[in-house]
Each structure stands twice: as structure tokens, then as C-alpha cells.
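I have placed the structure first, in the form of C-alpha cells, so that the comments after it can refer back to it.
What follows is calculated from the coordinates using simple rules that are stated; it is not laboratory data. Note that this is a predicted model, so its numbers are computed, not measured. For neighbour counting, all protein chains shown are included, and Cβ atoms are generated from backbone atoms with ideal geometry for every residue, glycine included.
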Amino acid sequence: MTLAQQAATDVAAKAGGPKYIIFIQQKGGAGKSTMAVNVSAVQGRSSLLQNDIEDAAVIAAGIDPQGSLETWADRVPEEVLPFDYFVTKGKVGELSGFRNDPARRRINVDTPGFMEIDPDAAWGEDPLGESRVADALREVLELADLAVVPITPEWLSWNPAEFTIERILKPRGIPFVVVINLHDPRDGDTALDAVKKWIDERGYPRMADPIRKYKIHAHAAENGLTVMQYRESGTALRAREDFMNLALVIEQML
Ligand SMILES: Nc1ncnc2c1ncn2[C@@H]1O[C@H](COP(=O)(O)OP(=O)(O)OP(=O)(O)O)[C@@H](O)[C@H]1O
Ligand SMILES: [Mg+2]
């Protein structure tokens, strides 16, 4: 081990084990996977431990049995991937293994939507029900230091966000932040202001600015790109700024 590696390991050990950040929202399509991958890319690029040791300081983890995260990360050339990725394919007990790994600083967990919930669960009871996905979710909820709840200006995502916060996160005492995604800058601010108002009325902490909707994001997965690799352009810079902003908010919340 070089001196630099030793110093990095000492810093990590002093700070304790890694922090787990989960991206969670009952409704699909609000941006959990997009956020988990891009926040990992931003954190990975600014990590103290980058290039110093074999195990990256940042892990993007997926518990989705479909493994959408893996499909994405597999397409990113390894030499530019600033984080490790890890998929459990729904298997329980694997992610907790990083708890005491001094090399790891941030573990960003992408979760699947969970539309199947127990309709009979009483208020205050766990509504996740019995399934592979539910078990995998319960494990990461146990580990979570912070939850990021994506919401969109589209009204359909609001109730599931509230459900996620009131029925899943609050009963477990997990700190959370709501992040507005898919704001189309060409649409003006009416829909954006409405969703901000809805969040603020509930007293939920939220990221001040939204993550904007850009076409380059929609093609990123198939092209194996994170925001750190977008070809330089005005849009690419704005897109990257949004996720750097999110990564900073997360650091402030931890
Ligand atoms: N800011 C954005 N701008 C443009 N497209 C976006 C943005 N965020 C997400 N998308 C696109 O929207 C779709 C849904 O996003 P994503 O897959 O991240 O959502 P998800 O919450 O992980 O959904 P699921 O619950 O189905 O896993 C994807 O095609 C993604 O590329
Ligand atoms: Mg997803």
C-alpha cells in the first residue's frame, strides 16, 4: 500500500463505514434508477479514494430482480466508470456485507417500484406484504441512512410519494428528501410551482431546484453513459449541474 492509499484508508476508517442512500418511490418511472446511477457517478468522480485502491469508494447497488442497473452499468466502459456496481437480484443479506468495509464511503441503492402492497395493513403496520421484492426492500430500509424520494410535476406520482413517506419511511424514522424530477424547462413554472407547493404544504424537506428533463438522459442507459460522460454541450452541463446539486444535497443531509 502506498502512503496515499494508507492515508485514504485512514480517513475512511475514521469516518466510520459507508452511508447507505436509498432511492425509493412506490410509483415507477419517477427517476430512481437515473438518480442512483448519476449520483454515484458524481460522487465517484469527487471521491477521495478514487483511483487509490481497487475497491471504489462508491457503489451503485440494485435490488431490482430485473437488474436494470446492471444492464446500464454493463454498457459503461470500465475505465470511465467511477464507481462499482453491485446487484443482489432480490437476494437478501448481501448489501449489509459492506457495512464495515472501510474502503466504501457511499452506497446508493436503486429500488424497484412496489405497486403490490398489502391492502389490509393497518395504519402504522408494514404495508409491504410478503414477496421477494418486499423482503429486499425491508433489508435496505434497515440499512438506510437517507432516502431520496423522486416525484414529478405529474400529479400521478404525488400520492405514491406520500404513501412512501408516511407508510414506509416515517414509521422507520428514516430521514428523507423529496426531489422533483422531469421538470421540462420549456413548460414554464406552473406545474413546477404546483408540485413544490404540494411538497411544502406537507412539510417535507425537498431539493430547492428540480432535476430538469433532457432527452440525453432518456438515451443514457442504452448508450452506457452517466452525466459525467455526456458529450460537452450546454445541455450536458445543465444536466450534470442538476445531479451535482443532488449529490450536494445528499451530502448535506447525511
Ligand atoms: N431528468 C430526466 N430527463 C429525461 N428523462 C429522464 C429523466 N429522469 C428519468 N428519465 C427517463 O424516464 C424513464 C424512467 O426513469 P427511471 O428508470 O430512472 O425511473 P425509475 O423510478 O427507476 O422507474 P422503475 O420504478 O420502473 O424502476 C427512463 O426512461 C429515464 O431515462
Ligand atoms: Mg428503476
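General observations
- Straight-line cross-link partners of LYS215 among the aspartates and glutamates, defined as a Cα under 13 Å from its Cα and at least 8 positions apart when in the same chain: ASP184.
- Size of charge dipole - the chain - debye, nearest 20, with Cβ of Lys, Arg +1 and Asp, Glu -1, no other charges: 480
- Phi-derived couplings, Karplus 6.51 cos²θ - 1.76 cosθ + 1.60 at θ = phi - 60°, listed residue by residue for region 198-203: 4, 5, 5, 4, 8, x Hz, with x used for Gly and Pro.
- Three-way shape label, region 94-230, alpha-carbon gyration tensor, a/c 1.5: oblate
- Integer Hz, Karplus 6.51/-1.76/1.60 couplings in order for region 158-169, x for Gly and Pro: 6, 4, x, 5, 4, 4, 4, 6, 6, 9, 10, 8
- Selection from ILE250, GLY188, THR111 lying farthest towards where the dipole of the chain points positive, charges on Cβ: GLY188
- Cα centroid separation, region 141-189 to region 16-49: 14 Å.
- Rh (Kirkwood; distinct C-alpha pairs) - the chain, Å: 18.6
- Residues whose amide H lies under 5 Å from that of ASN181, counting only those 5 or more places away or on a different chain, are ILE151, THR152, ILE211; hydrogens are built 1.01 Å from N in the peptide plane.
- Dividing the summed helix terms, -39500 (n - 2.57) for each DSSP H run of n ≥ 4, by the number of residues in the chain produces a 222 nm estimate of -10500 deg cm²/dmol to the nearest 500.
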